[in-house]
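Heads up: the structure comes next, in C-alpha cells.
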Amino acid sequence: MAKIDFGGTVEEVITSEEFPLSKAKEVLKNEKIAVLGYGVQGPGQALNLKDNGFPVIIGQREEEDFYWNKAIKDGFVPGETLFSIEEAARRGTMILYLLSDAGQMAAWPTVKRSLKEGDALYFSHGFSIVYKDQTKVIPPQNVDVIMVAPKGSGRSVRANFLDGSGINSSFAVFQDYTKRAKERTLALGIAIGSGYLFPTTFEKEVYSDLTGERGVLMGCLAGVMEAQYDLLRKRGHSPSEAFNETVEELTQSLIRLVAENGMDWMYANCSTTAQRGALDWKGRFKEAVAPVFEELYERVVAGEETRIVLEVNSAPDYREQLEKELAQMRNSEMWKAGAAVRSLRPENRKK
Ligand SMILES: NC(=O)c1ccc[n+]([C@@H]2O[C@H](COP(=O)([O-])OP(=O)(O)OC[C@H]3O[C@@H](n4cnc5c(N)ncnc54)[C@H](OP(=O)(O)O)[C@@H]3O)[C@@H](O)[C@H]2O)c1
C-alpha cells in the first residue's frame with residue numbers, strides 16, 4: 001500500500017504497480033465472474049474484464065430487449081455467455097450486482113436463492129447494503145460482500161480503459177466469509193481497469209456519493225447555473241451572453257484549468273479584476289449554501305433520499321417520466337441557447 005499525503009492527512013492507496021494484473025489473474029484464476037445487469041456500469045466493467053483476459057458471463061432480464069440485445073451486439077452469446085439473471089448468478093462464483101439500485105431490490109429474491117457458499121457478492125455502490133431496511137438486500141452469512149466503486153460514469157470506465165488511462169475506484173469489504181475477501185476485491189478492482197484503489201466503507205461511500213451527485217457534481221451545479229442565467233436574462237442580457245458567462249466559459253476554459261492544476265491556478269490565470277471579485281464573493285456563496293449541504297447530508301443519512309429513489313425508480317414508467325423531466329431541461333431557453341452556442345464553437349465552424 002502506498003501512503004499518500006492528502007493535504008496533511010496521510011491515506012493508504014493501492015496502486016496497480018503493487019497489485020498488477022498478473023497478480024489479479026492469479027487471485028481470480030478459479031473464479032467464474034458473472035456480471036448482472038447490462039446498463040451503464042455492466043458493459044463498462046464486463047468488457048474491460050473480458051479484454052483483460054477474464055472469462056465473463058452476463059445476466060440480464062430477457063424480456064427487456066434493449067440491454068439483452070446490446071449484450072449480444074457486444075459479443076456475448078445467449079446460452080454460452082449471456083443468461084437470465086438467475087442462471088448467471090447460479091453459474092458465477094463472483095456476482096457483480098450491477099442492476100440499477102432499484103433493480104437490485106426487485107431482483108434480490110432471485111439473486112439470493114442463487115448464491116452458493118463462498119461466493120463473492122460484489123457491488124459498485126453501498127446503497128443496497130447500507131439501506132437494507134429499505135431494500136431488504138440482506139446477504140447470507142456464508143458469502144463475501146465486497147465493493148469496488150469506480151469514480152466516474154460506466155462510460156468513462158470503458159473509454160478510459162480503451163485510451164489506456166484507467167479510472168480510480170474506492171473499495172470496501174462488508175463481510176469476509178472466505179478470509180480472502182480483500183484480495184478478491186483488489187483483484188477485481190484491478191481487473192475492471194482501476195488505476196488506484198482508495199479504501200472506504202460501504203457507508204462512507206454511499207453517503208459521500210449521494211451527497212456529491214445531489215450537490216456540486218450535478219444538483220447544485222445545475223441550480224446555481226440556472227439562477228445566474230435567469231438573473232442575467234431578467235436584467236436584459238441576451239440568451240447567448242447569459243449562457244456564455246454562465247456555462248460556456250466554465251466548460252470550455254476555466255474548469256479545464258481547475259482540472260489541470262487546481263483552483264488557485266485557474267484564479268491565477270484570470271484577470272486581476274476577476275480574481276479580486278471571485279475571492280471576495282467565494283465566502284458569500286459558501287455561507288449561503290452551507291446550510292443546504294447540511295440539510296442534504298442529514299437527509300442522506302436518514303434514508304430520505306434513498307426512499308425517494310427506490311419509490312420513483314421502481315415505478316413501471318420511470319424511464320418515460322425521467323425522459324419527460326430531461327426533455328423539459330433540454331427544451332428550456334437556457335439549454336436551447338446552449339445548443340446554439342455549442343454549434344458556434346470554433347472547432348464546429350465550417351471549414
Ligand atoms: N451509472 C454509473 O456510471 C455508475 C457509477 C458508479 C456506480 N454505479 C453503480 O453501479 C450499479 C449499476 O448502475 P448503472 O447506472 O449501471 O445501472 P443502470 O444503467 O440504471 O442499470 C440498468 C440495469 O438494471 C436492470 N434492471 C433495472 N430494473 C430491473 C429490475 N426490476 N429487474 C431486473 N433488472 C433490472 C436493467 O435491465 P432492464 O433492461 O431489465 O431494465 C439494466 O441491466 C448501481 O449500484 C450504481 O449505483 C453506477
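Bear in mind that the values in this text are calculations on the coordinates, not laboratory data. All figures in this text were calculated on a predicted structure; none of them were measured in a lab. Neighbour counts run over all protein chains shown; Cβ positions are idealised from the backbone, glycine included.
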Exercise. In the stretch 33-55, is there at least one residue being among the aliphatic types (A, V, I, L, M), away from the ligand (no atom under 15 Å from the Cβ) and more than 23 Å from the chain's Cα centre (by Cα)?
Worked result: no
Exercise. Would a scan of the stretch 72-79 turn up a residue that is loosely packed, with under 11 Cβ neighbours inside 10 Å and assigned to a helix (DSSP H, G or I)?
Worked result: yes
Exercise. Given the stretch 86-196, what strands (runs of 3 or more DSSP E) lie entirely inside it while holding 2 or more residues that are surrounded by 20 or more Cβ atoms within 10 Å (Cβ to Cβ) and of a type in the set (Phe, Trp, Tyr)?
Worked result: 120-123
Exercise. Among the residues of the stretch 287-315 satisfying the criterion of being within 16 Å of the ligand (Cβ to nearest atom) and of a type in the set (Ser, Thr, Tyr), which is farthest from Lys204 (Cα to Cα)?
Worked result: Ser314
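Just to verify a result, which residue in the stretch 141-166, among those that are more than 24 Å from Gly195 (Cα to Cα) and touching a strand residue (DSSP E or B) at 6+ places or on another chain (Cβ under 9 Å), is farthest from the ligand (Cβ to nearest atom)? Explain how you work it out, then say what you get.
Taking the stretch 141-166 as the starting set, the residues that turn out to be more than 24 Å from Gly195 (Cα to Cα) are 141-143.
This time we only want the ones that are touching a strand residue (DSSP E or B) at 6+ places or on another chain (Cβ under 9 Å), so: 141, 143.
Values: Gln141: 22, Val143: 18 Å.
Top of the filtered list is Gln141.
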For this session: Test each condition in (1) within 15 Å of the ligand (Cβ to nearest atom); (2) among the basic types (Lys, Arg); (3) assigned to a helix (DSSP H, G or I) for Arg61 and report the one that comes out false.
Result: (3)
Exercise. Going through the stretch 208-222 one residue at a time, which ones are in contact (Cβ under 8 Å) with a residue 24 or more places away in the chain and either part of a loop (DSSP other than H, G, I, E, B) or touching a strand residue (DSSP E or B) at 6+ places or on another chain (Cβ under 9 Å) (or both)?
Worked result: Asp209, Gly215
